[in-house]
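The next block holds one structure in the form of structure tokens; read it before the comments.
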């Protein structure tokens, strides 16, 4: 009898052990809050890759122009091994310096776009690896998390979990209208694309531990409109507690031309009413039935704006007053960021524009930005082209450093990619170096480029890990300080320098940051 009892006890213990949940991260069966997902192994090092995990319900039908809704849980294992649809936008066509490596895949493109991708090299779910969530650029009208140069495999091999996300774009992501505001719980409308980003961050917070990530160590990062989005998220009370660090590459909302986020809800709703008139739709119900492609063909500019909910205050007020979410910041810009966006102008036109815009400050402005002849104008416009983004990111670094000493790191990217005949260190040229994805970009790169790629990607990974880009074997990157402003030049030379155009930036700040 004793032998039988002992046998039954041992059998029970063995059975419990067999049924106990494994700590191993099984790429073919990961538990999320909505159901099991399966990914795939990629590369020689077998990085676990999950493509197209839904973080919100498809924003279709009655959910068009509504805040993102929860995913409907599923049975079985969802296969997440193929690129999800990019948000509705124009078909990808290379232009300026942006070759196909910078663009979304030709298909699929759909309103059903609220998905994210994950790369992780974790072997166990309790490794608590630092997490980077990447918000793509594209002027809030294009782009997706599956752009080839955003591939997260190389960074994952450096010890972080990489997440890229999609969000609604253009008219589907940012249309405001009085009737939409009336039916909303918040009493506002528009900014759906930002709400999508917040929904994705909530998903990451709640699920990333199952992929070996640390939900208490999340960095949000982005470039261009993605960088502006990062700025919005840091300033939004709706994103509180979802991250503790931010990387902002060439973009923020501290523009010296007034700032798109300064639009009021009244102006945004009026623009929405005008758009609805163009469609011929008499009701929201009929507007929601118009095919997305037809809405896209009507054109229009749709951006984040101060709605009193997602963006409650002017950006200057939010950040200078310390009301933004607490973070550490890595930010900067490229030396030829805006060269692709400028149109023709004569010296006389430039000076007339300056006098109208800067009035009593115009004389000082024209000393700092001279345009007495065509050569001076060309040099001045080159400076202003750079400062369209440089001003934004410098200003954020300055504010952040004054709020918390030692918490801000500023860079200036100056490397002209090999084979670039026209656009210099152009807007977007830097992120392939920081993602360590030069191998996806068809350029005649040299050892200098591969060294810069290795250094930049390690700076970014170090910052994601602990809020400081510095590490063994890397050139020392000083924290930014208003008293002694220094930034890191990332180019043919990798070295700390005084910020370029510092006097011009400080003049603009004296006007716009009062």
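Quick note: the coordinates plus some simple rules give every number you see, no bench work behind them. Everything numeric in this text was worked out from a predicted model, so none of it was measured. Positions of Cβ are backbone-derived with ideal geometry, glycine not excepted, and every protein chain shown enters the neighbour counts.
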>> Tell me the relative contact order for the stretch 374-514 as a rounded percent, counting alpha carbon contacts under 8 Å between residues six or more apart.
In response: 26
>> Below 8 Å between Cα atoms, with a sequence gap of 6+, how large is the relative contact order for the stretch 21-99 in percent?
In response: 30
> Based solely on its DSSP helices, what 222 nm [θ] is calculated for the chain when runs of n ≥ 4 H residues each add -39,500 (n - 2.57) and the sum is averaged over all residues, nearest 500 deg cm²/dmol?
Replying inline: -10500 deg cm²/dmol
>> Using only Cα atoms and rounding to the nearest 10 degrees, what angle (0 to 90) does helix 2-19 make with the longest principal axis of the chain?
In response: 20
> By how many degrees, 0 to 90 and rounded to 10, does the Cα axis of helix 502-512 deviate from the longest principal axis of the chain?
Replying inline: 90
>> Could you tell me the center-to-center distance, by alpha carbons, between the stretch 165-225 and the stretch 268-338 in angstrom?
In response: 12
> Taking the Cα centre of each part, how many Å lie between the stretch 395-417 and the stretch 42-59?
Replying inline: 32
>> Counting other beta carbons within 10 Å of each residue's own, what order do 184, 22, 144, 271 fall into, fewest first?
In response: 22, 184, 271, 144
>> Sort 416-424, 401-409, 45-53 by packing, meaning the average of other beta carbons within 10 Å per residue, with the highest value first.
In response: 45-53, 401-409, 416-424
>> Over the chain, what is the relative contact order in percent, taking alpha-carbon pairs closer than 8 angstrom and at least six residues apart?
In response: 13
>> Testing the spin-label approximation: label points 7 Å from Cα along Cα→Cβ at residue 357 and residue 45. State their distance in nm.
In response: 4.5
>> Output the 0 to 90 degree angle, nearest 10, between the alpha-carbon long axis of helix 265-279 and the longest principal axis computed from the alpha carbons of the chain.
In response: 80
